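Please treat every number below as a calculation from the coordinates, not as lab data. Every value quoted in this text rests on a predicted model; they were computed, and no experiment measured them. Backbone-built Cβ (ideal geometry, glycine too); neighbour counts: all protein chains shown.
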Amino acid sequence: MPRFDGGMHPLTAQSAYAALSIPRAPTPGPAAQKPSLSGVPLRELESILAPLPRYRAVQVFSWINSGVDSFEAMNNLPLEQRRELDGRFCLRKTALTQKLEDGAGAAKLRIGVPGGIVEAVVLTDGAGRRTACLSTQLGCAMGCVFCKTGLMGLTRNLDSAEITEQFYHIRKFYPDIANIVFMGMGEPLLNLQELRRSLDVLCRTMSPRRVTVSTCGLVDGIESLAVEGPAVRLAVSITTAREELRRRLMPVSAANPLPRLKDVLLRHQRRWRRRITLEAVLLGGINLGGDDASAMAAFAEGLDVVVNLIPWNPVDGLHFEGVPLREPSAAELDRFCAALEGFGLKTILRREKGRGVCGACGQLGAASGKLPEAASG
Ligand code: SF4
């Protein structure tokens, strides 16, 4: 989970959007039917490219991870080899279809994948550092009541190429990405194998310290990261540490109760010594009481955590037990922050990042593979 500074952005008006025209493409054509080499870890690439010598695989891997999208650009390979690779493989199986920018450092990219559209987001903090937020699934099965992606249900997992290509599409426009968070559409730990493959690739250019995997709190997946790594940062969407309320807000909580979640977080922290982010989406009138603050403090005891407070970003049609969700008021936020800090918790209040492009936390979710006519780039 990125640590944004919480500065307010003037991003609320539709007129602030800038939809950039992207040359229409890559409806996956013949090239896309060839296997993609993007998102393939180096060790696998060496086998795929055998009997080419290992140093050739290293060269190809470096080119791919630098973001090139054609074999022709790999100018330290003999022309003959570039042609042969081009005949057998492709470097993009996804297609950028639309880019929305808010003019204040946030952008949302809509990327066509077989069967739908995934969304990836760029957010910029007050110091100008950019974070790429990537999706790991097309939709999500977790059903958190405050999240638009949860409304979609799950279509399928993304493969490593579809995950890493989001980063390459982003970096073409924003070469200075400082952090990656897996906090877009989907629950990363339900797609652990492809998540690991994409991390294997991306962590060759980005330190694992700058990479965060965000989960709704799946104990088995966290255990797997604690035992086998990789040593990326962890963010856990806690929302509230009142067990009974959490089960109503996040159905996944029933099978992943808070005591088990805390145990596995302690193991993860002992193993990797990384501060953990607890994310709390703040829902007006629901999870901002004094008992929520004290439960959060009790949960955090013994862990090295920062609590990332995210005022709920409006999404039409989301209800909690029949009552429409609402944003927290300024007074609710002040009271809750003060209560957490009174317990000695470190907090970061993250206000409205990415709302101008509907790319803020909880707002991702293209309903289908087809973009609305008026909005397509
Ligand atoms: S918050 Fe995350 S885990 Fe929950 S429904 Fe949304 S995408 Fe899925």
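Things worth noting here:
- Over all other residues within a Cβ to Cβ distance under 14 Å of L345, the charged ones net out to -3, with Lys and Arg as +1 and Asp and Glu as -1.
- All aspartates and glutamates inside 14 Å of K93 as judged from Cα atoms, apart from same-chain residues fewer than 8 positions distant: D69, D159, E162, E165
- Summed residue charge, Cβ within 10 Å of L245's Cβ, Lys/Arg positive, Asp/Glu negative: 0
- For the range 196-227 versus the range 85-118, the spacing of their alpha-carbon centroids is 22 Å.
- Amide proton proximity set for L349, modelled H, under 5 Å, gap of 5+: L309
- What the phi angles of the range 208-219 give under the Karplus curve with 6.51, -1.76 and 1.60, with θ = phi - 60°, is a coupling list of x, 5, 9, 10, 10, 9, 9, 10, 7, x, 7, 4 Hz, glycine and proline written as x.
- Peptide ranges 83-92, 230-239 listed from the most packed, as the mean C-beta count within 10 angstrom indicates: 230-239, 83-92
- 3J(HN,Hα) along the range 49-57: 8, 4, x, 4, x, 4, 4, 5, 4 Hz, from the Karplus curve 6.51 cos²θ - 1.76 cosθ + 1.60 with θ = phi - 60°, whole Hz, x for Gly and Pro.
- Peptide packing: for 197-207, 340-350, the average count of neighbouring Cβ atoms within 10 Å per residue gives the ranking 197-207, 340-350, highest mean first.
- Cross-link pairs K34/K99; K108/K346; K148/K262; K262/K346 - those with Cα-Cα distance over 24 Å: K34/K99; K108/K346; K148/K262
- Net charge dipole, the range 30-88: roughly 120 debye, given to the nearest 20, about the Cα centre with Cβ charges of +1 for Lys and Arg and -1 for Asp and Glu.
- Taken about its Cα centre, the range 201-255 carries a charge dipole of about 300 debye when Lys and Arg each add +1 at the Cβ and Asp and Glu each add -1 at the Cβ.
- Residues whose amide H falls under 5 Å from that of L234, counting only those 5 or more places apart or on a different chain, are V213, T277, with hydrogens built in the peptide plane.
- Highest average packing first - 65-74, 308-317, 134-143, Cβ atoms within 10 Å: 134-143, 308-317, 65-74
- Amide H contacts under 5 Å for R156: L138, restricted to partners 5 or more places along the chain or on a different chain, H placed in the peptide plane at 1.01 Å from N.
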